[in-house]
Amino acid sequence: LVEAKAEGNIKSLTIDDTYLETFHSRYIREINGYSNNWTVEVNGVKPKGCSLYMPKPGDQIIWRFGV
């Protein structure tokens with residue numbers, strides 16, 4: 001997401017680090033003005049935390065709002 005924002009594919013992004021100590025993962029608070037309720041799926045599987053998975057070439061990463 002950070003790379004997508006730097007490339008201009010995302011207008012705004014807010015990442016919350018307050019969950020790092022408890023869940024060892026960051027929390028995506030907002031993308032393009034849509035706040036909270038984001039989920040991620042990598043190659044058809046939902047990781048336990050968005051920052052617990054390191055993307056590899058060819059991965060299909062899908063972010064959904066409100067799911």
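The values are calculated or read from the model by the stated rules, or taken from the named source; none is laboratory data. Computed from a prediction, not measured in an experiment: that's the story for all the values here. Reconstructed Cβ throughout: ideal geometry from the backbone, glycine too, with neighbour counts over all protein chains shown. In case anyone asks, the SASA skips ligands and DNA or RNA and just uses the protein heavy atoms, side chains included. Shrake-Rupley method; radii C 1.70, N 1.55, O 1.52, S 1.80 Å.
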Exercise. Within region 15-63, can you find the residues that are open to solvent by 60 Å² or more (accessible area, probe 1.4 Å), closer than 13 Å to Leu1 by Cα, in a strand (DSSP E or B) and not hydrophobic (A, V, I, L, M, F, W, C)?
Worked result: Tyr27, Arg29
Seminar exercise, completed: With criteria (1) in contact (Cβ under 8 Å) with a residue 24 or more places away in the chain; (2) open to solvent by less than 70 Å² (accessible area, probe 1.4 Å), Ser12 comes up short on (1)
